[in-house]
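These notes are about the structure you will find just below.
The values are calculated or read from the model by the stated rules, or taken from the named source; none is laboratory data. For clarity, every value in this text was computed on a predicted model and none was experimentally measured. Cβ: placed from backbone, ideal geometry, glycine included. Neighbour counts: every protein chain shown.
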Amino acid sequence: MPLNPDYTNEKPVLDHGYVRLLGVMGDDSSPDSDARISTGVAARSEAQQTTLVRFLLRHKHTTPFEGSVMKFEVRAPIMVIREWFRHRTFSYNEESGRYKQLDPLYYTPEADRVSYQAKSNHQGSGDPHPESERFVAEWGDEQKEFEASYTELIQTHNVARELARLNMPVSHYSTFVVTGNLLNWFRFLQLRMEATAQYEIRVYAEAIFEIAKQYFPSSLAAFQDYWLDAITLTRREVDLLKQMLPRAVSEESFNGAVPEPSPMFTKREAGEFREKLLRLGLLERT
């Protein structure tokens with residue numbers, strides 16, 4: 001389907017990066033119609049479609065979301081791209097330094113981004129570093145030195161482009177095209193929008209999320225409710241919760257708190273919630 005010109009289809013990210021939507025296949029009705037092929041049920045109302053989409057994601061019935069596709073052009077630092085390409089179910093095409101002299105674009109973080117290594121996280125950032133401004137300036141100088149050397153090797157000495165890039169830093173920007181179905185994007189967003197994800201890839205995921213919400217509002221809302229903002233408890237955590245919360249909720253209190261049925265919280269979902277509370281020992285059995 002063509003892009004909607006009234007939507008925001010491109011977002012700037014970091015200092016020189018961006019995400020740009022190139023194409024979309026499907027909309028919020030697609031998971032519903034794909035799921036209904038198994039039953040032969042006729043097309044239904046928007047509210048019924050929303051109810052089914054939410055049911056499917058709530059119970060992790062994910063194949064109906066593989067029929068909708070989004071394609072983006074992304075400019076990002078190589079360090080971000082290395083993380084991104086770990087998502088192997090996407091299709092990628094990246095610009096090549098063998099064919100062209102790459103643009104002189106480098107990522108330099110803001111000074112307040114520079115921090116100590118985290119004490120409790122072997123791959124994360126910790127407290128702000130007092131010498132951050134000096135480090136940022138030094139990184140900028142080193143990037144300029146490399147760019148001058150890279151350009152001289154190609155333009156003055158005619159060194160092959162594939163070798164001239166040999167010392168290129170991971171701060172250098174590259175551009176690629178990434179295509180994936182909606183389920184691919186859910187998996188990517190769930191991992192990369194997590195608070196513990198590295199900031200530099202998290203802001204790209206957040207930009208993708210904001211653009212995608214315009215084309216798949218019901219699907220992304222369900223994804224946010226049941227995947228992104230949901231919490232899974234382990235068996236041990238369930239046992240501990242039962243010990244810490246020994247007083248069960250009354251049936252009357254439960255009925256008073258549960259909202260009226262709607263596509264956003266159906267009667268069936270209320271029943272599922274009731275069963276969870278019973279399993280946790282947090283609802284009185286009648």
- Filtered residues of region 194-214 (kept if modelled with pLDDT under 95 and of a type in the set (A, V, I, L, M, F, W, C)): 195, 197
- Query: Do we have any residue at all in region 74-81 that's closer than 19 Å to residue 221 by Cα and assigned by TED's automatic domain parsing to the domain that holds residue 211?
  - Reply: no
- Note on the structure: Sole miss for residue 81 among (1) within 30 Å of residue 158 (Cα to Cα); (2) in contact with a Ser or Thr (Cβ under 8 Å, 6 or more places away or on another chain); (3) in a strand (DSSP E or B) is condition (3)
- Okay, strands (runs of 3 or more DSSP E) sitting entirely in region 111-185 with 1 or more residues that are touching a His at 6+ places or on another chain (Cβ under 7 Å), within 27 Å of residue 100 (Cα to Cα) and at pLDDT 90 or above, I get 173-181
- Scan (1) closer than 23 Å to residue 204 by Cβ; (2) at pLDDT below 95 for the single condition residue 25 breaks and write down its number. (2)
- Item | Failed item, numbered, when residue 52 is tested on (1) part of a helix (DSSP H, G or I); (2) modelled with pLDDT of 95 or more | (2)
- Message: Going residue by residue through region 195-215, is there one that turns out to be buried (at least 17 other Cβ atoms within 10 Å of the Cβ) and either farther than 27 Å from residue 16 by Cβ or not assigned by TED's automatic domain parsing to the domain that holds residue 92 (or both)?
- Response: no
- Matching residues in region 113-136 - criterion: being without any contact (Cβ under 8 Å) to a residue 40 or more places away in the chain, surrounded by 12 or more Cβ atoms within 10 Å (Cβ to Cβ) and not aromatic (Phe, Trp, Tyr): 114, 115, 117, 118, 126, 128, 129, 132, 133, 134, 136
- Message: Residue under question is residue 70, and the condition is that it be outside the structural domain of residue 267 (by TED's automatic domain parsing), in a helix (DSSP H, G or I) and modelled with pLDDT of 90 or more; does it hold?
- Response: no
- Would you be able to say whether some residue in region 56-75 is out of contact with any helix residue (DSSP H, G or I) (no Cβ under 6 Å at 6 or more places or on another chain) and farther than 30 Å from residue 32 by Cβ? yes
- Query: Taking region 100-132 as the region of interest, how many residues are in contact with a helix residue (DSSP H, G or I) (Cβ under 7 Å, 6 or more places away or on another chain) and aromatic (Phe, Trp, Tyr)?
  - Reply: 1
- Hey, any hits in region 37-59 for a residue that's surrounded by fewer than 20 Cβ atoms within 10 Å (Cβ to Cβ), within 30 Å of residue 170 (Cα to Cα) and either within 19 Å of the chain's Cα centre (by Cα) or touching a residue at least 40 places away in the same chain (Cβ under 8 Å) (or both)? no
- Message: Taking the condition of being touching a residue at least 12 places away in the same chain (Cβ under 8 Å) and out of contact with any strand residue (DSSP E or B) (no Cβ under 7 Å at 6 or more places or on another chain), how many residues in region 204-220 meet it?
- Response: 8
- Within region 8-36, residues assigned to a loop (DSSP other than H, G, I, E, B) and closer than 30 Å to residue 172 by Cα come out as 8, 9, 14, 15, 16
